[in-house]
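Before any comments, here is the structure.
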Amino acid sequence: MPHLRLALLIPAAFALLAATPVEQIIPVPGFADFLTIDGNSVWVTNKGRVERWSRRGKLATVSMRHPCGTMALTADALWVADCDDKTLIRIDRRTARVTAVIATGIAATDGEMNVVAGAGSVWLASAASGVISRIDPALGRVSARIIAARGSNYLAFGHGALWAVSGSMNLIQKIDPATNRVIGHTRLGRQPGFLVAGEGAVWVQEQADGTVARVDPARVSVSGRIKVDSSLNYGDIDTGGGKIWLRTTARQSLVVIDAATLAIRARLGAVTGSGAVRYTPSGIWTSAHDRQSLSWWPDPARLSP
């Protein structure tokens, strides 16, 4: 009987080991922070520069004064905010050279902000009073300025709309790109921050509450909530593969949430400070600037039961 029990346990042990993801940690000197996927590589903001990395190492470096916030990718360019110059920088993806500097203003010079692309435009919050600038990427200039709630620093594009979260007013707004006007809004929990549109909803970190809110994009109303930790300060969020991918700074590095059931499927990695997360079908990228590293988590389908 002891031999039989051992025979039964060994396959179970191997199954557990096979299901455990292996985190590949890639040293990135400096202050690796915000991420944008570009094929099999990732762009990352760093101190005084933007860098492109693959799992094998650094591919390119572009010097800037103070790259900040999330970045946007269009067909031929990377778009990055500069918090010192209060400008939007266009970088050629192929040559890794700056090709335009656009005076936009920057709403959150601490870098807690987003640059996003959608509806043939690039968008960023350009004044703390609630001004969002719409940039024509072909002309390299501001084509419209949208009036939103004060503190609307956090943006996402999806479900046919631009979404703007005000962390100071605790609300999310839906902006119609056809009219450049706010067409709906709803209240959120305390200190909402980064958000993402995907998997049938808009998902917002409610940082002070330690929750993620699910917002119905048609009704512009909160349709669900997930308690994750006591706080979600200074993390990040993405969607893909039927999951919500949440970069955290308490208890673990990465939380995996089922988008359909709102159940937490996995808590992965050691506790690290602030950083970003981005999903690809073949793996998840995260950053940890206190550890000066990027991480690659392979096979997202295996990261949760």
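The values are calculated or read from the model by the stated rules, or taken from the named source; none is laboratory data. Since we're looking at a predicted model, the values are computed, not measured. Virtual Cβ from ideal backbone geometry, glycine too; neighbours counted across all protein chains shown.
Here are the numbers for this structure:
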| quantity | calculated |
| --- | --- |
| Residue match in the stretch 43-62 (condition: of a type in the set (A, V, I, L, M, F, W, C), in contact with a strand residue (DSSP E or B) (Cβ under 8 Å, 6 or more places away or on another chain), outside any loop (DSSP other than H, G, I, E, B) and not assigned by TED's automatic domain parsing to the domain that holds A117) | no |
| Check on G111, part of a loop (DSSP other than H, G, I, E, B), small (G, A, S) and at pLDDT below 95 | yes |
| Residue identified as in contact (Cβ under 8 Å) with a residue 40 or more places away in the chain, assigned to a strand (DSSP E or B) and either under 21 Å from the mean Cα position of the chain (by Cα) or surrounded by fewer than 20 Cβ atoms within 10 Å (Cβ to Cβ) (or both) among A96, A117 | A117 |
| Within the stretch 64-75, tally of residues that are of a type outside the set (A, V, I, L, M) and either in a strand (DSSP E or B) or at pLDDT below 95 (or both) | 4 |
| Count - residues of the stretch 149-166 that are surrounded by 24 or more Cβ atoms within 10 Å (Cβ to Cβ) and assigned to a loop (DSSP other than H, G, I, E, B) | 2 |
| Test: A138 is in a loop (DSSP other than H, G, I, E, B), surrounded by fewer than 18 Cβ atoms within 10 Å (Cβ to Cβ) and at positive phi | no |
| The stretch 167-185, residues that are within 25 Å of A208 (Cβ to Cβ) and either touching a helix residue (DSSP H, G or I) at 6+ places or on another chain (Cβ under 7 Å) or outside any loop (DSSP other than H, G, I, E, B) (or both) | L171, I172, Q173, K174, I175, V182, G184, H185 |
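The rows are residues; the columns are (1) surrounded by 13 or more Cβ atoms within 10 Å (Cβ to Cβ); (2) over 23 Å from S304 (Cα atoms); (3) modelled with pLDDT of 50 or more.
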site: L6; (1), (2), (3): no, yes, no
site: A15; (1), (2), (3): no, no, no
site: P21; (1), (2), (3): yes, no, yes
site: A32; (1), (2), (3): yes, yes, yes
